[in-house]
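Colleague: I have a structure I would like to understand better, so I am pasting it below and will then ask my questions one at a time.
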Amino acid sequence: MLPPDPRIGPTDSFFTVVSRAVADLVEHGYDSEDRLAYWVRSIREAALRSLTPPAIMERALNDTLRALYRAQVERGAILRRHPGIARFTIEQVKPKLRTELDRRILASASLIRLNREQEIARTLQRFSGWATSIPPGGTEAAKRREVKEQIRKPLASLSFRERRVLTDQGHKFVANLSEILATDGGAIAGIWHSHWREAGYQFRPEHKARDLLVYLLRDSWAHKVGLVKPGEAGYLDQITQAGEEVSCRCWVQYLYALRSLPPDMLTEKGRAELARVRMAA
């Protein structure tokens, strides 16, 4: 095993370590497994030092999701997605919503750890692939700046992507809370809302095409007794869900009453039931 490089210290930056690793391989080439193993270990250690400590990331994740829970559930912001539902319904469903909070915190933390492991592995793979191509004795042909940029690339924007994961997991969390409330509250359909009108939002064309379409919820109470049928849009479970895809900020407004549905989504039995309810009102 090579002795520790005196130029590498425990506080050296990731960029510094990669630069020295590239310089060393350019000078000596791939002349031993020991040389490669030393630099792979040094780059890995520097990469880990360069990232936000896991405890801080998990605290930020915890704070983000708990703040969303307080806003949506405890302060009632979720009711915007469920017009007409009684406020006490949230109280009845709260245990499930709280369970979803705990589940999302664990799942999101696991995702961040997995992303880190994958990006570090990609970095080491790029370095190893390049290093093993250098002949013993070194080379003058290597373009050091380009090589360093390629090796650093997987980790260079990881901090930004981790912040995006926090945001994305927040959207998924709110969408899941809303779906739980809709299921337990007796929703029968949902209106898809896209943010395609928002300046700068990179919407998916297929999500824009869904904007304001009404989707039937399969096996709702109204569906089971034959009062409703799918309209032009079909069933909500036939498409990707709001917030499911990366960076999707679409949301669903849930409907609970027959009178809220387009006429073509009511069966003959449903129209008769709606007429009966209106007569009794």
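Coordinate-derived values only; no laboratory data. All values derive from a computational prediction rather than experimental measurement. We place every Cβ from the backbone using ideal geometry, glycine too, and count neighbours over all the protein chains shown.
Colleague: Give me the lysines in straight-line cross-link reach of residue 208: C-alpha distance below 26 Å, same-chain residues under 8 apart excluded.
Modeller: Cα-Cα hits under 26 Å: 172, 229.
Colleague: About its Cα centre, how strong a charge dipole does the range 151-248 have in debye, to the nearest 20, once Lys and Arg get +1 and Asp and Glu get -1 at the Cβ?
Modeller: That gives the range 151-248 a dipole magnitude of about 420 debye.
Colleague: OK, next. Relative contact order for the range 180-262: what percent, with Cα pairs under 8 Å and sequence separation of 6 or more?
Modeller: On the way: 121 pairs, mean separation 33.2, N = 83.
Averaging sequence separation for qualifying contacts and normalising by length gives 40 percent for the range 180-262.
Colleague: Between residue 87 and residue 149, how many nm apart are label points set 7 Å from Cα along the C-beta direction?
Modeller: 5.8 nm
Colleague: Around residue 220, with a cut-off of 12 angstrom between Cβ atoms, what is the net charge of the other residues, counting Lys and Arg +1 and Asp and Glu -1? Before the final figure, lay out the partial values.
Modeller: Values: positive: 218, 224, 229; negative: 184, 219, 237.
Net local charge, residue 220 excluded: 0.
Colleague: What number comes out for the charge environment of residue 194, summing +1 per Lys or Arg and -1 per Asp or Glu over other residues with Cβ under 11 Å away?
Modeller: On the way: positive: 197, 204, 208, 210, 249; negative: 198, 206, 211.
Result for the local shell: +2.
Colleague: Can you run the Rg to Rh ratio on the range 186-281? Use alpha carbon positions and the Kirkwood inverse-distance Rh.
Modeller: Numbers: Rg = 15.0 Å, Rh = 14.2 Å.
Rg/Rh for the range 186-281 comes to 1.05.
Colleague: Under a Cβ-only charge scheme (Lys and Arg +1, Asp and Glu -1), can you give me the dipole magnitude of the chain about the Cα centre, in debye to the nearest 20?
Modeller: Around 940 debye, computed over the chain.
Colleague: Tell me which lysines have Cα within less than 17 Å of residue 224's Cα, excluding those fewer than 8 residues away on the same chain?
Modeller: 269
Colleague: Within the set of other residues whose C-beta is less than 13 Å from the C-beta of residue 91, count the net charge using Lys and Arg as +1 and Asp and Glu as -1. Could you put the intermediate results ahead of the total?
Modeller: Working: positive: 87, 94, 96, 98; negative: 74, 184.
Overall, the nearby charge balance is +2.
Colleague: To the nearest 20 Debye, how big is the dipole of the range 1-154 about its Cα centre, given +1 on the beta carbon of each Lys and Arg and -1 on that of each Asp and Glu?
Modeller: Computed charge dipole of the range 1-154: roughly 1120 debye.
Colleague: Among all the aspartates and glutamates, which ones have a C-alpha under 18 Å from residue 96's C-alpha, if same-chain residues fewer than 8 places away are not counted?
Modeller: Counting by Cα, and skipping residues close in sequence, residue 96 has these aspartates and glutamates nearby: 74, 179, 184.
Colleague: Per residue, how much space in cubic angstrom lies within the convex hull of the C-alpha atoms of the range 1-152? Show your work: numbers first, answer last.
Modeller: Details: hull volume 20.8 nm³, N = 152.
With only Cα atoms used, the range 1-152 gives 137 Å³ per residue.
Colleague: Projecting each Cα onto the charge dipole of the range 186-281 (Lys/Arg +1, Asp/Glu -1 at the beta carbon, about the Cα centre), which of 213, 258, 223 comes out farthest on the positive side?
Modeller: Farthest towards the positive end: 258.
Colleague: If you fit an axis through the alpha-carbon atoms of helix 268-280 and take the longest principal axis of the Cα set of the chain, what angle between them do you get, 0 to 90°, nearest 10?
Modeller: 60 degrees
Colleague: Per residue of the chain, what 222 nm ellipticity follows from adding -39500 (n - 2.57) for every DSSP H run with n ≥ 4, rounded to the nearest 500? List each step's numbers first, then the result.
Modeller: Details: 9 runs with 158 residues, N = 281.
Result for the chain: -19000 deg cm²/dmol, rounded to the nearest 500.
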